[in-house]
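What follows draws every value from the coordinates through simple rules; no lab data is involved. Just so you know, these numbers come straight off a predicted model, no measurement behind them. Using ideal geometry, Cβ is built from the backbone for each residue, glycine included, and neighbour counts are taken over all protein chains shown.
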Amino acid sequence: MHENDDDEVDALAKPDELLALHTTSAELFSLLRKWFAVGPTVQLDLAHIDSATTELGDPQMIAAVAMRKLQALHLIATPGVLTATDVVVAIINDLNRALMQGPSMYLELKAQSTDWDDEFANLEALSDDAPTSVEATDPEIERFMELHGSLHDALIAVVEASHGEIRYFA
């Protein structure tokens, strides 16, 4: 870390890719809330070391923890908020696994909660935005994946801007 003679932090300018995560994190946060019906508060079981065993396999809890990390990412992507290379790397690393699993967990939950008899009965009334082939992708999932990719872009930009060193960014 570089400090000048006045004990002020010698901060680099945040790369545009990191600043863009301010908006990206908010959009991902909203998608996870919608997909997994995460309420405004989540209770963590800290009774003993093994308490989290069940919680950590629950898609809603995985989404909730990822949403908390997105809140932190939103803050550090805010212009003027001081952060450091290692903080950005750690938060994006923590988020990566949950975000990689997000679409498949969402589709699995959606499939489990679907009344398939009702869906088959309503096949005649498909909307215009329904997929026309089995290869068609869900636009919401495509958007999610695009947003997830932008986290990687920001990570690379931060590491490159800091030349692989731990540096401050403002």
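Observations on the structure shown:
- Among Gln112, Gln60, Gln71, the largest mean-square fluctuation in a Gaussian network model of the chain, built with springs joining Cα atoms closer than 10 Å, belongs to Gln112.
- Think of the chain as having a plus end and a minus end, set by charges on the Cβ of Lys, Arg, Asp and Glu; of Gly57, Asn122, Trp35, Gly57 sits farthest toward the positive end of this dipole.
- Folded to 0 to 90 degrees: helix 16-36 orientation relative to the chain principal axis, Cα: 30
- Distance between the 7 Å Cα→Cβ label points at Gln71 and Gln101: 2.1 nm.
- Computed from backbone phi with θ = phi - 60° and the Karplus coefficients 6.51, -1.76 and 1.60, the 3J(HN,Hα) list for segment 66-72 is 5, 4, 5, 5, 5, 4, 5 Hz; x is used for glycine and proline.
- Neighbourhood charge, 12 Å Cβ-Cβ cut-off, centred on Phe29 and excluding it, Lys, Arg +1 and Asp, Glu -1: +3
- Helix 85-113 axis, angle to the chain major axis (alpha carbon atoms, nearest 10°): 0
- The chain, helix-only ellipticity at 222 nm - DSSP H runs n ≥ 4, -39,500 (n - 2.57), divided by all residues, nearest 500: -20000 deg cm²/dmol
- Close amide H pairs (under 5 Å, H built 1.01 Å from N) link Ala84 with Phe169, residues at least 5 positions away or on another chain.
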